[in-house]
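For reference, the structure is listed below as structure tokens.
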Amino acid sequence: MELEKVLLSRKSCRAYLDKAVEEEKLERVITSASLAPLGLPKMCTPMLTLVTDKVALEELGGVYGAPALIIVSCPPSPAPGLADQNAACVVEMMSLVATEEGLGNIYLYGAPITLQQKAELKEKMGIPENFTPLAALAVGYSTEDVAVCKEFAPKLELTKF
């Protein structure tokens, strides 16, 4: 898929088929995270946690029935807000590749908050104590076709000086 088509096709998916995602597709989505632009990468490199266990997914809030969830956790950052920005860049990169792979996806904030509040679940998932879950991407086959759904047009306000 060409980049513009991926950009125009990416949308938040809130309904998934009960179908596992192939390992090769998940691997491609996860590998794409390494291509995200990061601030202070030697000091604030995120880590990923792949969750496919149905019980764990339910405990994290159900994640709209997606069969896979990729959690992005970061260590403390020396720059305020940088860890959140790095996590956002990682999720966006994975979201675009998931769309290219024909997978529905949605950027989630609730699942990481649940993990921040449930230390025992965070530990069970192998997330180090000094890492904070900040963002997540639910991935799976959408109940709707992944197709062009937007137009390439400016929607954000721009000021010039």
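What follows draws every value from the coordinates through simple rules; no lab data is involved. These numbers come from a predicted model, not from an experiment. Please note: Cβ atoms are built from the backbone with ideal geometry, for glycine as well, and neighbour counts cover all protein chains shown.
Before moving on, here are some points about what is shown:
- Residues in segment 102-114 carry Karplus couplings, in order, of x, 9, x, 7, 8, 7, 10, 10, x, 4, x, 5, 4 Hz; the curve used is 6.51 cos²θ - 1.76 cosθ + 1.60 with θ = phi - 60°, and Gly or Pro positions show x.
- Taking 7 Å steps out from each Cα toward its Cβ at Tyr107 and Met47 produces label points 2.4 nm apart.
- Each Cα pair under 8 Å and six or more residues apart adds its separation to the average, and for segment 21-158 the resulting relative contact order is 30 percent.
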